[in-house]
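Readers should treat all values here as calculations from the given coordinates under stated rules, not as data from a laboratory. Every value quoted in this text rests on a predicted model; they were computed, and no experiment measured them. Don't worry about glycine lacking a Cβ; one is built from the backbone with ideal geometry, like all the others, and counts go over all protein chains shown.
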Ligand SMILES: *Cc1c(COP(=O)(O)O)cnc(C)c1O
C-alpha cells in the first residue's frame with residue numbers, strides 16, 4: 001500500500017519564520033499548531049503505512065451526522081440557498097438558538113444577542129478579538145482546552161494560567177480565582193463540562209465563582225460546547241443565568257459540533273450582550289463574511305428536529321465512559337477523576353516516569369504517548385498540550401470494541417513497565 005502524503009502541522013523553525021521572500025508575522029510565528037490535530041496527523045501517517053491504530057486522540061464524536069440533518073443541507077443546496085447570509089447568521093437560526101436558551105435555561109435572550117460562526121472555535125476567536133488586546137489578562141484554569149491559550153495570545157493579551165488539581169476534581173476554587181483577578185483581567189474563561197478533564201461544576205460551585213467575578217470588572221467567556229454530554233447526576237448549567245447581572249458580562253459559547261456530531265460542518269455560536277455581539281459580528285463580517293449557508297440550514301434542522309439522536313449518542317458515550325473507567329481503575333499506576341461530562345478521561349501517568357515502558361525510559365507525558373503510539377499503536381494526547389504535564393487524555397469517541405482492544409494493549413504496556 002502506498003503511503004499517502006500527510007500534512008502534519010509543526011511550529012515554524014526560526015529560519016522558516018524569517019523566510020527571505022515572505023516574512024512571517026511575529027504573531028503567526030508564535031502560534032503552536034493545535035496539539036490534538038498534530039496527534040491526528042501522526043496516527044494517519046501510521047495508518048497509511050498499514051498499521052491498525054487505536055485512535056483515542058479524537059476531539060470529536062465518531063458518529064455520523066444524523067441523516068435528517070444531512071437531508072436538510074441537501075434540500076438547502078437544491079433550493080439554491082447557497083449564498084451569503086447576514087454576517088451574524090440567518091435570522092431564523094438565531095431565533096432558534098435564542099429560543100433554546102430561553103426554553104432550556106430561562107435566559108432572557110433574543111436573536112440580536114446571538115451570533116453564528118464557523119465553529120465554536122471561531123466564535124471564541126471572535127469573542128477574544130472583540131474584547132481583548134495588549135495589556136489585558138485572560139484567566140484560564142488549567143488543564144484547559146488546547147486552543148485557549150494560543151487564541152488569547154493572538155490578540156496580544158496575556159493568558160494567566162491558574163492550576164487546579166486532581167485532588168479537588170480539577171475545579172477552580174473561588175479563593176484562588178480571587179487571588180488572580182486583577183484590574184487588568186478582561187476575561188475569565190470557564191469550560192464546564194471540561195475538555196480534557198470531564199469535570200462538570202455544580203450549580204453552587206459556579207455561583208461561588210460568579211460571586212467572586214462580580215466583585216471585579218472582568219467578563220466571562222463560558223464555553224458550554226459539551227452542554228448535552230453529561231452523565232450520572234451531573235447537570236449542565238448556563239453560567240449567564242446564575243445570578244442577576246451576570247448575563248450582562250457573560251459570553252456563552254456553544255455549537256453543533258459535539259451535540260450533533262457535526263464537527264466538519266463548522267457551526268458554532270456565541271450568545272451575549274447585544275453590543276458585544278454586534279462588535280463580534282463586525283469583526284466576522286470583515287474576516288469571514290458569514291458562516292456557511294448550507295451548514296446553517298443543517299443546524300436549523302438539528303435544533304428544530306427530534307433530539308432523540310442526541311440522547312442516543314449520549315447513552316453510547318456513557319457506556320464507553322463506564323467501560324474505560326472500569327479498565328483504568330484496575331491499573332494501579334494511573335490515577336484519574338471519573339469524568340461527568342464530555343468524552344475524555346484525563347489520567348495521571350507520572351507514577352511511570354523514570355520507568356521503562358516498551359523499552360524506553362519515560363520522562364514525560366509526551367514520551368509516554370509516543371511509546372504508546374509506536375509500540376501499542378494507541379494514539380492519545382499528552383497532558384502538556386492542555387497545560388497539565390504528567391497527564392494523558394484518552395478520548396472515548398471510539399467504538400467499544402476498539403476501546404476494549406486498545407485498553408488491553410495499554411494495560412499490557414503499563415503492567416510491563418519496570
Ligand atoms: C471541540 C471544542 C470546541 C470547538 O468546537 P467547534 O465548534 O468544532 O469549533 C470548543 N471548545 C471546546 C472545549 C471543545 O472541546
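Once the mean of 1/r is taken over each pair of separate Cα atoms and inverted, the range 67-304 shows a Kirkwood hydrodynamic radius of 18.0 Å.
Look at where the Cα atoms of the range 371-417 and of the range 129-168 average out, and the two centres are 27 Å apart.
Dividing the Cα radius of gyration of the range 269-314 by its Kirkwood radius returns 1.12 for Rg/Rh. Once both labels are positioned 7 Å from their Cα atoms along Cα-to-Cβ, the gap between residue 203 and residue 304 label points is 3.2 nm. Counting neighbouring Cβ atoms within 10 Å and putting the fewest first, the residues 83, 122, 52 line up as 83, 52, 122.
For the range 67-304, relative contact order (Cα pairs under 8 Å, six or more residues apart, normalised by length) works out to 30 percent.
Between residue 232 and residue 108, what is 0.36 nm times their sequence separation minus the Cα-Cα distance? Round to one decimal in nm. Please report the intermediate quantities before stating the final value.
Numbers: separation 124, 0.36 × 124 = 44.64 nm, distance 2.83 nm.
Taking 0.36 nm per residue and subtracting the Cα distance, the gain is 41.8 nm.
In the P(r) worked out for the chain, what percent of Cα pairs fall beyond 40 Å? Could you put the intermediate results ahead of the total?
Values: 13974 of 87153 pairs.
For the chain, the share of Cα pairs beyond 40 Å comes to 16 percent.
Applying 1/(1 + (r/R0)^6) with r as the Cβ-Cβ distance of residue 405 and residue 275 and R0 = 56 angstrom yields a FRET efficiency of 0.60.
Out of all DSSP beta bridges with both ends in the chain, state the antiparallel percent to the nearest 5.
Details: 20 of 40 bridges.
Antiparallel bridges make up about 50 percent of those DSSP assigns within the chain.
Run the helix sum for the chain: -39,500 (n - 2.57) per DSSP H stretch of 4+ residues, divided by residue count, reported at 222 nm to the nearest 500 deg cm²/dmol.
On the way: 14 runs with 163 residues, N = 418.
Rounded to the nearest 500, it is -12000 deg cm²/dmol.
Quick one: Cα centre-to-centre distance for the range 321-346 and the range 210-274, in angstrom? The range 321-346 and the range 210-274 have Cα centres separated by 25 Å.
What the pair-distance distribution of the range 104-192 shows, using all Cα-Cα distances binned every 5 Å from zero, is 3, 12, 22, 20, 18, 15, 9, 1, 0 percent. For the range 113-154, the Kirkwood hydrodynamic radius from C-alpha pairs, put into Stokes-Einstein at 10 °C and a viscosity of 1.306 mPa s, yields a diffusion coefficient of 142 µm² per second.
Order 185-198, 203-216 from most to least packed using the mean count of other Cβ atoms within 10 Å.
Numbers: 185-198: 26.0, 203-216: 17.0.
For the peptides 185-198, 203-216, the packing ranking is 185-198, 203-216.
In the chain, the longest principal axis of the Cα atoms and the axis of helix 293-304 are about 90 degrees apart.
Any idea what angle helix 35-48 forms with the longest principal axis of the chain, computed on alpha-carbon atoms, 0 to 90 degrees, nearest 10? Its long axis makes an angle of about 50 degrees. Note on residue 95 and residue 322: their simple-model spin labels are 4.2 nm apart, each label 7 Å out from Cα toward Cβ.
Which of the peptides 146-156, 38-48, 381-391 is most tightly packed, and how do the rest follow, judged by the mean count of other Cβ atoms within 10 Å per residue? Let's see the in-between values first.
Details: 146-156: 20.0, 38-48: 18.4, 381-391: 23.2.
Ranked by mean Cβ neighbours within 10 Å, highest first: 381-391, 146-156, 38-48.
Kindly express, to the nearest 10 degrees and within the range 0 to 90, the angle between helix 274-287's C-alpha long axis and the longest C-alpha principal axis of the chain. Taking the Cα atoms of the chain, the angle to 274-287 is about 70 degrees. Compactness of the range 260-418 was expressed as the Cα radius of gyration divided by 2.2 N^0.38 Å, which yields 1.34.
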